[in-house]
Amino acid sequence: MKHLAYLLIAGLILLLVACDSSGQIAEVSPQDVHTPTSMSETVSDTGAFMPAGKTIHDRQFHSTLLLPDGLLLLVGGRGKGAGGEWAIVHTTVELFNPETNEWTQTGDNVEGRRSPIVSLLPDGTVLVAGGTDVNLEPISSAEIWDPSTGVWTPAASLNELREQFAWVALQDGRAIIIGGLEPFKFQRLPSIEIYDPSIGEWHDGANMSIARTLHTATLLADGRVLVVGGGKLDGPHLDSAEVYNPETNTWSSAGTMSIGRISHTTTVLADGRVLVVGGKGKKTSAEIWNPESNDWASAGNTEFPRSDHAANLLNDGRVLVTGGTGAKASTEIYDPSTNSWSSGVDMIEWRYRHVATTLDDGRILITGGNGKNEVLAEAELFVP
């Protein structure tokens, strides 16, 4: 019933936007505010997808952050320029309001970035760092956004150029960048860097046991960081995992998966275990790491192979997996209580390289990515 209520509200919003006081269809100019106009909903017993407007620009390889006030910050990404050329790495930054279903523009980044880190700092400001530019060259610079003014100011740069890294925000407010590819020697990196907001600087941490690119990093409930997989696009793909303890600045083994993976997802379950799904190479397998026993177990197989997909924990403890290369608009749901998969309702758009962010009310906002024929500006909301 909840998703039907959201759909009724969305319909009323569309009616108010579409009609002026004379009852005629009103022209909507492309201003800073964007609301849903043409996308249709998809509904089933497993939930519903409803339109969530359009971002100002089409985006892939962008980053998002849910802010303390419930708004969502969207930063960077790559889109197509005039004539369909890959000519834009966006400096525009946008905010989504889940209560009004509207997008608005805030201050522009100092530098356009593809796949940057976006981390909330203890004082409420936001750190954006790293990524790659329009020529796919790594960026070492960083900047900080002040939500009270919408202004970005330069911050301390990374110590080392790197791309294809993973990162997490630590529980104490620091941010950690892990591994990646050195751009000139094309060597994978075992090194890590940690941003300390108390002094506004980056410092090196202990190296991983092995160099990694295209891996994942996941914050665990106890404050440690699980790093999984990695490798070259064309292989080999690593099956190993390891855990970083920020209190002791040490690494320890987290065992070995059944297969190597890159471009997979990792999701912390309600009981603290971690679900790993898919990866490049038409992988359908999933498996679970148990932090108490430090071992891996099968979590079955998805119906479709998935990489460059997204996975989000639902309020009821299940996991929603959306899109991915070759998976079109399909979704699947993992139930840890039965260790089984079921088909979910299709998204409105085909998507891969998108971002899915869980909002405060449990809905999931899906933005950007590659669609059926183009990079997408359309956004949509999953209502459980």
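Relative to the current alpha-carbon distance between Ser337 and Thr153, full extension at 0.36 nm per residue lengthens the span by 61.6 nm.
By the helix-only formula, in which each DSSP H run with n ≥ 4 contributes -39500 (n - 2.57) and the sum is divided by residues, the chain has a 222 nm mean residue ellipticity of -1500 deg cm²/dmol.
If you keep only loop residues by DSSP, which GluC sites (Glu not before Pro) in the range 256-356 have at most 11 other Cβ atoms within 10 Å of their Cβ? Provide the component values of the computation, followed by the final result.
Working: sites: Glu287, Glu292, Glu303, Glu332, Glu349; in loops: Glu292, Glu303, Glu349.
Those satisfying the criteria are Glu292.
For q = 0.10, 0.11 Å⁻¹, what log10 I(q)/I(0) does the chain give under the Debye formula with an equal point scatterer on each alpha carbon and no solvent? The Cα Debye sum returns log10 ratios of -0.63, -0.77. The stretch between Ser209 and Lys372 holds 54.7 nm of extra length on full extension. This uses 0.36 nm per residue minus the Cα-Cα distance.
List Thr91, Thr248, Thr256 from most exposed to least, where exposure is judged by having the fewest other Cβ atoms within 10 Å.
Working: Thr91 16, Thr248 10, Thr256 13.
Ordered by Cβ neighbours within 10 Å, fewest first: Thr248, Thr256, Thr91.
In debye, nearest 20, what is the charge dipole magnitude of the range 270-378 about its Cα centre with +1 on Lys and Arg Cβ and -1 on Asp and Glu Cβ, if you could check?
On the way: 11 positive and 15 negative charges, 96 e Å.
My answer is approximately 460 debye.
Computed from the Kirkwood radius of its Cα pairs, the Stokes-Einstein diffusion coefficient for the range 95-217 at 37 °C and 0.692 mPa s stands at 217 µm²/s. Between the Cα long axis of helix 2-18 and the first principal axis of the chain there is an angle of about 50°, rounded to the nearest 10.
Find, to one decimal place in angstroms, the Kirkwood hydrodynamic radius of the range 107-168, where the mean of 1/r is taken over every pair of different Cα atoms and then inverted.
11.9 Å
Arranged from fewest to most other beta-carbon atoms within 10 Å of their beta carbon, Val110, Val93 become Val110, Val93.
Alpha-carbon geometry of the range 315-384: the Rg and the Dmax are 12.2, 38 Å, given in that order. Taking the dipole about the Cα centre of the chain, with the C-beta of Lys and Arg at +1 and of Asp and Glu at -1, give me whichever of Thr106, Thr91, Ala254 is farthest to the positive side. Final value for the positive-end residue is Ala254.
What share of Cα pairs, in percent, lie more than 14 angstrom apart in the range 235-312?
So the pairs more than 14 Å apart make up 63 percent of the total in the range 235-312.
Only Lys, Arg, Asp and Glu carry charge here, each on its Cβ (+1 for the first two, -1 for the last two); on that basis the chain has a dipole of about 1160 debye about its Cα centre.
Scanning residues 5 or more positions from Ile348 or on other chains, none has an amide H under 5 Å from its amide H, with H placed 1.01 Å from N in the peptide plane.
Neighbour counts of C-beta atoms inside 10 Å place Val375, Val134 in the sequence Val134, Val375, starting with the fewest. With bins 10 Å wide beginning at 0, the percent of Cα pairs of the range 265-354 falling in each bin runs 18, 54, 25, 3, 0. Shown here for the range 71-155: GluC sites (Glu not before Pro) in loop regions (DSSP other than H, G, I, E, B) with at most 14 other Cβ atoms within 10 Å, namely Glu85, Glu99.
For the range 151-259, the equivalent ellipsoid derived from the alpha-carbon gyration tensor has semi-axes of 23, 18, 11 Å in decreasing order.
No value in this document is a laboratory result; all are computed from the given coordinates. Just so it is clear, the model here is predicted, and its values are computed rather than measured. Cβ sites come from the backbone with ideal geometry, for glycine too, and all protein chains shown count toward neighbours.
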